Amino acid sequence: MDLVEARNLPGHVGIIMDGNGRWAQVRGQPRAVGHREGAAAVRRTVRAARRLGLRALTLYAFSEQNWARPEEEVDALMHLLKDFLLNEREEILDNGIRLNAVGNLGRLPALVRAVLDPLRSESQQNDCMTLTLALSYGGREEIAQAARELAKAVAAGRIRPDDVTADAMHAQMPSLSVGDPDLVIRTGGERRISNFLLYGLAYAELHFADVLWPDFCEKDLFAAIASYQGRERRFGLVGGSGASITRIAI
Ligand code: IPE
Ligand code: IPE
Ligand code: MG
């Protein structure tokens, strides 16, 4: 934690939590065991983020494409998700965390919705940190959804085609209601985005870590944030100490 400056914290951090399956495979265990350990890493990370004072944390827990995995694995993930929400309910409410979820939530099984929906509404007024779970989420799907909404508004005569601007698209994206991600971390060693927050990634800083998600701990989060704090964000402007760099307002 000594590495992290209290000022200049990224407001919104996204994490692509990857590597659960490999964590289990190297131990000769079924992939579901890796997912179970991954849930423990989620708990640690949420605590650390809250302690640090992050304003928003978005966790990529299940992609729209992950539905095509073997049924047994999908089932195990859905049950773990339900258990996670049940176990964390008190901690979320006691710590002023607002729980949100983005993605094609209609595809989630009833057993998940039965715990997710009440916790979302119960925690709605909390304002210390927004924890967003990206579930059945795809960045391209979210962009297409935003385009559909604007197309409908044009068709209904509520807006003109010229009103379809980058800002108007942005305003349609639930994943960006907490603002663009400032820092996106991917664990598990792959250097790719895998359909996460595509629209919001425009000026995000990226941090790739080799640690497999179940091994991710506080110090890995702090190291990622320290790396972020050592960078100069330019947003297309000129750099250097004399330049005044302000955030793009969208
Ligand atoms: C990330 O771990 C969790 C989900 C995608 C649900 P993986 O399950 O992708 O683990 P690896 O990448 O196969 O090791
Ligand atoms: C990204 O990981 C999705 C989540 C972490 C939920 P994947 O394991 O699904 O991505 P690929 O297949 O390696 O690109
Ligand atoms: Mg993976």
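Coordinate-derived values only; no laboratory data. This one's a predicted model, so the numbers in the text were calculated from it and none came from an experiment. So basically every Cβ, Gly included, is an ideal-geometry build from the backbone, and we count neighbours across all protein chains shown.
Key figures for this structure:
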| item | result |
| --- | --- |
| Anisotropy class of the range 53-199 from Cα gyration tensor, a/c 1.5 cut | prolate |
| Net charge of Cβ neighbours under 15 Å - reference residue 193; Lys, Arg +1; Asp, Glu -1 | -3 |
| Ordering of 179-185, 81-87 by burial proxy (mean other Cβ atoms within 10 Å per residue, highest first) | 179-185, 81-87 |
| Lys/Arg +1, Asp/Glu -1 at C-beta; the chain dipole; positive extreme among 155, 111, 52 | 155 |
| Packing-based ranking, highest mean first, of 153-159, 56-62, 88-94, 20-26 given that Cβ atoms within 10 Å are counted | 56-62, 20-26, 88-94, 153-159 |
| Full-extension gain in nm, residue 177 to residue 203, via 0.36 nm per residue minus C-alpha separation | 7.8 nm |
| About the Cα centre, charge dipole magnitude for the range 111-250 (Lys/Arg +1, Asp/Glu -1 at Cβ), debye | 360 |
| At R0 = 41 Å, FRET efficiency that the Cβ-Cβ distance of residue 154 and residue 78 yields, to 0.05 | 0.65 |
| Inter-part distance where the range 80-102 and the range 166-235 are each reduced to a Cα centre, Å | 22 |
| Paramagnetic reach from residue 235 (point 7 Å along Cα→Cβ, amide N under 20 Å) across the range 9-24 | 9-14 |
| Amide H partners (placed H, <5 Å) of residue 186, local residues excluded | 16, 207, 208, 209 |
| Charge dipole magnitude, Cβ of K and R +1, D and E -1 - the chain, Cα centre, debye nearest 20 | 220 |
| Contact order relative to length of the range 3-230, as percent, for alpha carbon pairs under 8 angstrom and 6 or more apart | 32 |
| Average projection area in nm² (convex hull over Cα atoms of the chain, one quarter of hull surface) | 15.1 |
